[in-house]
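Here is the structure we will look at, set down as structure tokens.
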Amino acid sequence: MKVFSLVVAIVMANYVFAQHHIIPAPSSYLASSGNFIPNEKTIILVDGPCIDEANLLADLLKSQTGKNFLVDDGTLNPGNNYILLQCQEKAKSIPDLPGDIEKRINTKPAGAYQMKIFPDRIILSAKDREGIFYGIMTIKQIILNPTNLKKPHQDIGLPCAAIRDEPVFPHRGLLLDCCRHFMSKEFILKYVDLLALYKMNVFHWHLTEDQGWRIQIDKYPLLTEVGAWRREGDGTTYGGFYTKSDIREIVAYAQSRHITVIPEIEMPGHSLAAIAAYPTLGCTGEQVHVENNWGVFKDIYCAGDEESFVFLTDVLAEVCDLFPSPFIHIGGDEAPKFRWEQCERCQRRIKELGLANEAELQTYFIERIAAFLATKGKKIIGWDEILEGGIPADAIIQSWRGMEGGMRAALEGHGVVMSPTSHCYFDYGLESTDLREVYEFDPVPAGLTALQQTNILGGECNMWTEHAPQELVDSKVFPRMLAISEVLWTYPQDRNYDEFYNRVKTHFDILDDLGVQYGFPVVPVNVIQNHSGQEAIQVKVKGAFEGVEVRAAVFPAIGEIPQSDLVALSTVDSFTINSPSQLVVKTSFRGKEYPGLIRRYYSPHSAMAGKVELAEPFSPYYPAGGNNALADGFLGSDNFRDGFWQGLSGKEMKVTVDMGKTIDVTTISSRFFHYGNAWIFRPNLVIFEISRDGVEWKNVGTVHANSDEKSSGEFVVPYELKVSPQKARFIRMTAKNYGLNPDWHDAPGEPTWLFCDELVVK
Ligand code: ACM
Ligand code: ZN
């Protein structure tokens, strides 16, 4: 291959900085005139150990052109139309952690490549096979460009350009929860291809959970005979699992696309399905069932019983045989310590080992597992909770409860994968995490030295599936995964959302062509609502981005609207609201309907635009619009994360409103959210007081909760007090916090939340 390894010095005229649509954006892209058009004589020439990649390229070109392409390692005369893949493979560059300082700062992740596209040839060169592969993925995105797709196959053209490209982070992942809902093997293979197309390299496969055990383990057949199946509320059975043969196929398919499959075997919590199969793994030994609710549950593996460790090391030995990944994810999140506190064996273990508490018992648990995995040559990754009692030196932390755990781990010298709920939770709706939000994610927290920054290995987007069966997953992952792919590959170039979104528009066509049922990029409408201090609310509805079609109507109701009334939705976009009402908005985009209806709830009243004083500040996570949110006339929905519920943890809620004028008060009411599983409890009672001057107060009544505290599910609880007309300018509401999670709860003893949407005065 001498002839090809010469540096070809070509002066290319007419270089322009061109538009391209590649995601993630390459480091540099310089366009020139002309196109490379593959024809029946095009040969793929291989220089270096990248024959597998060359074959993938031949398959790709064949699928798009219908032609067969010759792959050759140096015996053929290339003629005048060829694609040369030059790979000078060197040792893998992902540094060991903590490792040699100089080396770590100076090494770059695998995957860099250069590609020159001329009218008669393409030269793709890289130092590693990953680089060749990513160059091919760039070719694939160019071929999938809709202007190519619309042509007859043989006319596919690749615009001439010089591309330099390299990833910033070595760990670029997607977590897919196949437990809450089961995903077919074919679906996972499709996701492997989609990950590869966007130059992601980690498939984090969440395989065990309270609601289902999904991986075949020969030594413990009941895990899949019992643990893979749950009885749903309606009496039907739901489940499934992956056989070893399925798993080997997926792992090999991923490997050929330079994707590491990291299996997650959860411990000590999120393990009800395993305990249902083998009840003696739990502290009580009692039979439990594979869970059919969502939440956090108190039955976890017993840490005082050797049987748990025999079981888990047996399971992990089989897991290590299946997955070549150097990392095994052991979970470690959300493990309530209630059972361990009550368990004789766990308590005996704490005493014998001289441990301070149950957090240290979890550390003992994780360290034993990590030591076993080390004998198999594997390191552990765990959720940030495992930091709580100390962790093994080479453990990697995946930070989900914000960035703080990751920050702490990076300071301590651990490798870190960032996936904070604020930017990376794709199970969340667009109201909390839209495309722009994901795009603005920065995985490197401020305050780390250059060396500590190298501990940030990258990030993952997390697709939890409590509310997403397989057919909804595309709509949650896309297009948001495009943003995370650019964050993890192209960072820290100056990123510009508008420029990125221009490229995303082309990818909507590409994703259509690939059969991906992507969702909307952002909440499709802006609802602009204000009351200007009057007792009416003005509402304006506007499409939030190009291509959205909007229809809306206002109904005089807060509850469900009969389906037949929804035909009243029209293109009217401005409303004046004088009484309790519901705005309903329906939108569509590229032939897709936004899931469900967008609803806003209003209750205009006399205290709107009053001045609100809060005895305790609200949580920064649930501000509901800030200080005056409890007197703005806007109510919350049946989703406590909708941005209209104000939340406060562990404290009572005392709210005073100065209406600015004295009125005859006849009704004072409020609403609280209840969702025991999420630690949100309605108050047992609410006290209402009124005052004319803000100094002398009169208690006008106490309203007790009209719902059972143990009620499962999530719902809104109203508190209403009617009084004979009384003059007042000031209103005060005191809502008692329910207190700690009760004993029957799955996280007993933890502080609970109060969520309120409005203090309505009439
Ligand atoms: C998690 O979301 N519990 C890691
Ligand atoms: Zn125990």
Which of (1) within 13 Å of Ala54 (Cα to Cα); (2) at pLDDT 95 or above; (3) open to solvent by 40 Å² or more (accessible area, probe 1.4 Å) is the odd one out, the single condition Gly135 does not satisfy?
(3)
State all residues of region 171-211 that are of a type in the set (Lys, Arg) and under 26 Å from Tyr134 (Cβ atoms); if no residue qualifies, say none.
Arg172, Lys185, Lys190, Lys199
For region 331-340, which residues satisfy the criterion of being in contact with a helix residue (DSSP H, G or I) (Cβ under 6 Å, 6 or more places away or on another chain) and either within 16 Å of ligand 1 (Cβ to nearest atom) or open to solvent by 30 Å² or more (accessible area, probe 1.4 Å) (or both)?
Gly332, Asp333, Lys337
What tally of residues in region 274-314 results from selecting those that are in contact with a Lys or Arg (Cβ under 8 Å, 6 or more places away or on another chain) and more than 16 Å from ligand 1 (Cβ to nearest atom)?
13
With criteria (1) surrounded by 14 or more Cβ atoms within 10 Å (Cβ to Cβ); (2) in contact with a strand residue (DSSP E or B) (Cβ under 7 Å, 6 or more places away or on another chain), Val572 comes up short on (1)
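Given the residues Glu352, Glu404, Glu388, Glu412, which is the only one that is farther than 24 Å from Thr313 by Cα and either within 16 Å of ligand 1 (Cβ to nearest atom) or surrounded by fewer than 16 Cβ atoms within 10 Å (Cβ to Cβ) (or both)? Spell out the reasoning first.
Details: Glu352 fails: farther than 24 Å from Thr313 by Cα; Glu388 fails: farther than 24 Å from Thr313 by Cα; Glu412 fails: either within 16 Å of ligand 1 (Cβ to nearest atom) or surrounded by fewer than 16 Cβ atoms within 10 Å (Cβ to Cβ) (or both).
The match here is Glu404.
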Filter region 608-623 for residues that are at pLDDT below 95 and small (Gly, Ala, Ser); which is most open to solvent (accessible area, probe 1.4 Å)?
Ala609
Among (1) of a type in the set (A, V, I, L, M, F, W, C); (2) closer than 30 Å to Thr236 by Cβ; (3) not in a helix (DSSP H, G or I), which single condition is Phe311 missing?
(3)
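A quick yes/no check of all residues on (1) modelled with pLDDT under 95; (2) among the charged types (D, E, K, R); (3) touching a helix residue (DSSP H, G or I) at 6+ places or on another chain (Cβ under 7 Å):
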position	(1), (2), (3)
Gly636	no, no, no
Val657	no, no, yes
Phe681	no, no, no
Glu689	no, yes, no
Asp693	no, yes, no
Trp697	no, no, no
Residue among Thr433, Thr375 that alone is hydroxyl-bearing (Ser, Thr, Tyr) and within 15 Å of ligand 1 (Cβ to nearest atom):
Thr433
Would you pick out the residues in region 474-529 that are under 30 Å from Tyr601 (Cα atoms), hydrophobic (A, V, I, L, M, F, W, C) and outside any helix (DSSP H, G or I)?
Phe478, Phe520, Val522, Val523, Val525, Val527, Ile528
Determine whether Arg348 is part of a loop (DSSP other than H, G, I, E, B) and either away from ligand 2 (no atom under 16 Å from the Cβ) or more than 24 Å from Ala254 (Cβ to Cβ) (or both).
no
In the set Asp218, Asp234, Asp246, Asp193, which member is in contact with a Lys or Arg (Cβ under 6 Å, 6 or more places away or on another chain) and open to solvent by 10 Å² or more (accessible area, probe 1.4 Å)?
Asp246
Tally of residues being touching a Phe, Trp or Tyr at 6+ places or on another chain (Cβ under 8 Å) and open to solvent by 20 Å² or more (accessible area, probe 1.4 Å) across region 740-762
6
Tell me, which residue of region 272-296 that is in a loop (DSSP other than H, G, I, E, B) and within 15 Å of ligand 2 (Cβ to nearest atom) is farthest from Arg339 (Cα to Cα)?
Tyr278
Single residue of Glu499, Glu486, Glu546, Glu560 found to be exposed (fewer than 14 other Cβ atoms within 10 Å of the Cβ) and touching a helix residue (DSSP H, G or I) at 6+ places or on another chain (Cβ under 9 Å):
Glu546
Quick one: Ile397 ticks every box in (1) within 14 Å of ligand 1 (Cβ to nearest atom); (2) at pLDDT 95 or above; (3) more than 18 Å from the chain's Cα centre (by Cα) except a single one, so which number is it?
(3)
How about region 355-370: which of its residues are of a type outside the set (A, V, I, L, M, F, W, C) and either in a helix (DSSP H, G or I) or within 16 Å of ligand 1 (Cβ to nearest atom) (or both)?
Glu358, Glu360, Gln362, Thr363, Tyr364, Glu367, Arg368
Mind checking whether some residue in region 456-470 is assigned to a helix (DSSP H, G or I) and farther than 23 Å from Leu207 by Cα?
no
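Please verify whether region 425-444 includes one or more residues that are away from ligand 2 (no atom under 16 Å from the Cβ), within 30 Å of Val315 (Cα to Cα) and open to solvent by less than 40 Å² (accessible area, probe 1.4 Å).
The answer is yes; a qualifying residue exists.
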Out of Trp697, Trp679, which single residue is among the hydrophobic types (A, V, I, L, M, F, W, C), open to solvent by 30 Å² or more (accessible area, probe 1.4 Å) and more than 24 Å from Trp645 (Cα to Cα)?
Trp697
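Residue by residue, here is whether (1) among the aromatic types (Phe, Trp, Tyr); (2) over 29 Å from Lys727 (Cβ atoms); (3) out of contact with any His (no Cβ under 8 Å at 6 or more places or on another chain); (4) touching a residue at least 40 places away in the same chain (Cβ under 8 Å) holds:
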{"position": "Val567", "(1), (2), (3), (4)": "no, yes, yes, no"}
{"position": "Ser581", "(1), (2), (3), (4)": "no, no, yes, no"}
{"position": "Lys586", "(1), (2), (3), (4)": "no, yes, yes, no"}
{"position": "Phe589", "(1), (2), (3), (4)": "yes, yes, yes, yes"}
{"position": "Arg600", "(1), (2), (3), (4)": "no, yes, yes, yes"}
{"position": "Ala615", "(1), (2), (3), (4)": "no, no, yes, yes"}
{"position": "Asn639", "(1), (2), (3), (4)": "no, yes, yes, yes"}
{"position": "Thr656", "(1), (2), (3), (4)": "no, no, yes, yes"}
In region 315-325, anything open to solvent by 30 Å² or more (accessible area, probe 1.4 Å) and either within 16 Å of ligand 1 (Cβ to nearest atom) or touching a residue at least 40 places away in the same chain (Cβ under 8 Å) (or both) is listed as Pro324
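Please state which one of Gly240, Gly282, Gly212 is of a type in the set (Gly, Ala, Ser), open to solvent by less than 10 Å² (accessible area, probe 1.4 Å) and more than 20 Å from Leu175 (Cβ to Cβ).
None of the other options fit; the residue is Gly282.
Among the residues of region 16-28, is any hydrophobic (A, V, I, L, M, F, W, C), part of a strand (DSSP E or B) and at pLDDT 95 or above?
The answer is no; no qualifying residue exists.
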All positions within region 72-87 that are within 23 Å of Asp128 (Cβ to Cβ) and either more than 40 Å from the chain's Cα centre (by Cα) or polar (S, T, N, Q) (or both)
Asp72, Asp73, Gly74, Tyr82, Gln86
Output the residue which, of all residues in region 472-499 that are over 17 Å from the mean Cα position of the chain (by Cα) and touching a residue at least 12 places away in the same chain (Cβ under 8 Å), is farthest from ligand 1 (Cβ to nearest atom).
Gln493
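The values are calculated or read from the model by the stated rules, or taken from the named source; none is laboratory data. Because the structure is a prediction, the values reported are computed rather than measured. Note: ideal-geometry Cβ built from the backbone for every residue, glycine included; neighbour counts use all protein chains shown. Ligands, DNA and RNA are excluded from the accessible area calculation, which covers all protein heavy atoms including side chains. Shrake-Rupley method; radii C 1.70, N 1.55, O 1.52, S 1.80 Å.
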